[in-house]
Amino acid sequence: MKSIKFSNGDSMPIIGLGTWKSKPGEVYQAILWAIESGYRHIDCAAIYDNEKEVGNALQFAFKNGLVTREEMFITSKLWNSNHRLEDVQPALKKTLKDLKLEYLDLYLVHWPVSFKKGVGFAQNREEFFTYNDVPLSQTWEGMEDCKSKGFTKHIGVSNFNIAKLEEIIKSGKQMPEMNQVEMHPFNPQHKLVEYCQSKGIHMTAYSPLGSGDRSASIKKSDEPSLFENQVVMELADKYQVSAAQILIAYSIHRGIVVIPKSVNEGRIKQNLASVEIQFDKEDVEKLSKIDLRYRFIDGSFFTGSKSPYAQQDLWENDNS
């Protein structure tokens, strides 16, 4: 398994199983299929509302000798309602309890957006905190504290643009070690990737296949399809693999961790086999130069007239 290395020498498998949108009743078996297929990296989050089932599957795998805890790399994320300093550690401890683990390998601030305590998804202005109420520096201090106490080996962020990264770098004692963002040939994030690489911050690509199975309420009727893109289809034919495997291999060949989600045994195995694809150099460039820019997870559910946050708080202004 290809991996990326942190500054302390720890390794993170370059491909993991994503669990966003994996329903209770499905994710347990998906975790076991993934481990049996060779996955050693699972990406979780408190807001996915399935960490207890993930934890049950991991416990089964450990107790039955499928894998050891030390062989697995487990990521989870801090939800928006726990950004205050005093809320960060309890949130992580709840995740550890649900996952039945003593520590995480990586803990991420899920979004640079803050809700009031107990709010799942903020619906009105009164349910949000502002950056004045809860600055990102306060949240990052809580993350650093969790790492220093051994609850997680590594800390990072998700959905952070350059300005937000610089904000926590300036105030913090430790650099973020990971930035997880939407990434695929329609949204290659060249500017953000270059910045993170210059700072020694690793990157993870979520929704590498375009997240076509997400809720209709956050989808647009005219979304483009990565699977039907001409360049992607031509490369799938050239290498005799699926379009999904081409899209996953794209991140791997950029040295970016990638976390495709599936609860289908065949696709779980097929996604993992993407690591074996050996692209010609010009093919990676063809994918990077696809003349279409589109972000599937636009964050509009966190912005707008009822929110103190704007799109520029989330995304890099980058059409490259």
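Please state which of the following conditions Lys289 fails to meet, knowing it meets all the rest: (1) under 30 Å from Ser37 (Cα atoms); (2) more than 20 Å from the chain's Cα centre (by Cα); (3) not polar (S, T, N, Q). Of (1) under 30 Å from Ser37 (Cα atoms); (2) more than 20 Å from the chain's Cα centre (by Cα); (3) not polar (S, T, N, Q), only one is false for Lys289: (1). Here is the figure for the stretch 63-86: residues that are out of contact with any Leu (no Cβ under 8 Å at 6 or more places or on another chain) and surrounded by fewer than 18 Cβ atoms within 10 Å (Cβ to Cβ) total 10. Between Tyr239, Tyr250, the distinction of being open to solvent by less than 30 Å² (accessible area, probe 1.4 Å) and of a type in the set (Ser, Thr, Tyr) belongs to Tyr250 only. The criterion of being open to solvent by 40 Å² or more (accessible area, probe 1.4 Å), in a helix (DSSP H, G or I) and out of contact with any helix residue (DSSP H, G or I) (no Cβ under 9 Å at 6 or more places or on another chain) does not hold for Glu234.
More than 21 Å from His41 (Cα to Cα) and modelled with pLDDT under 95 - does that describe any residue in the stretch 160-168? Checking the stretch 160-168: not a single residue is more than 21 Å from His41 (Cα to Cα) and modelled with pLDDT under 95.
Suppose we filter Glu223, Glu265 for residues that are among the charged types (D, E, K, R), modelled with pLDDT under 95, over 20 Å from the mean Cα position of the chain (by Cα) and at negative phi; which single one remains?
Residue meeting the stated conditions: Glu223.
The listed residues are Gln174, Gln138, and the only one of them that is touching a residue at least 12 places away in the same chain (Cβ under 8 Å), part of a loop (DSSP other than H, G, I, E, B) and in contact with a helix residue (DSSP H, G or I) (Cβ under 9 Å, 6 or more places away or on another chain) turns out to be Gln174. When we screen Glu71, Glu102, Glu86 for residues that are of a type in the set (D, E, K, R), under 25 Å from Gln245 (Cα atoms) and more than 19 Å from the chain's Cα centre (by Cα), the only hit is Glu71.
Could you count how many residues in the stretch 288-302 are closer than 22 Å to Trp20 by Cβ, open to solvent by less than 30 Å² (accessible area, probe 1.4 Å) and not hydrophobic (A, V, I, L, M, F, W, C)?
Selection size over the stretch 288-302: 1.
Answer yes or no as to whether Asp298 is in a loop (DSSP other than H, G, I, E, B), farther than 18 Å from Ile248 by Cα and touching a residue at least 12 places away in the same chain (Cβ under 8 Å). Considered against the rule, which asks whether it is in a loop (DSSP other than H, G, I, E, B), farther than 18 Å from Ile248 by Cα and touching a residue at least 12 places away in the same chain (Cβ under 8 Å), Asp298 comes out as yes. Given the residues Val263, Val275, Val193, Val257, which is the only one that is touching a His at 6+ places or on another chain (Cβ under 7 Å) and closer than 26 Å to Tyr107 by Cβ? Testing whether each residue is touching a His at 6+ places or on another chain (Cβ under 7 Å) and closer than 26 Å to Tyr107 by Cβ leaves just Val257. Taken over the stretch 6-27, residues that are in contact with a strand residue (DSSP E or B) (Cβ under 9 Å, 6 or more places away or on another chain), under 17 Å from His202 (Cα atoms) and assigned to a loop (DSSP other than H, G, I, E, B) amount to 4. Remark: pairs (first residue in the stretch 33-46, crowded, with 20+ Cβ neighbours inside 10 Å and modelled with pLDDT of 95 or more; second residue of a type in the set (Ser, Thr, Tyr) and not in a loop (DSSP other than H, G, I, E, B); Cβ separation under 6 Å; 6+ apart in sequence or on different chains) = Asp43/Thr75; Cys44/Ser76; Ala45/Ser76; Ala46/Thr95.
Scanning the stretch 146-167 for residues that are polar (S, T, N, Q) and open to solvent by less than 10 Å² (accessible area, probe 1.4 Å), we see that the one that is farthest from Asp313 (Cα to Cα) is Thr152. Within the stretch 20-31, can one find any residue that is more than 18 Å from the chain's Cα centre (by Cα) and aromatic (Phe, Trp, Tyr)? So far as the stretch 20-31 goes, yes, one or more of its residues are more than 18 Å from the chain's Cα centre (by Cα) and aromatic (Phe, Trp, Tyr).
The values are calculated or read from the model by the stated rules, or taken from the named source; none is laboratory data. All figures in this text were calculated on a predicted structure; none of them were measured in a lab. Using ideal geometry, Cβ is built from the backbone for each residue, glycine included, and neighbour counts are taken over all protein chains shown. Heads up: the accessible areas ignore ligands, DNA and RNA and are worked out on the full protein's heavy atoms, side chains in. Shrake-Rupley method; radii C 1.70, N 1.55, O 1.52, S 1.80 Å.
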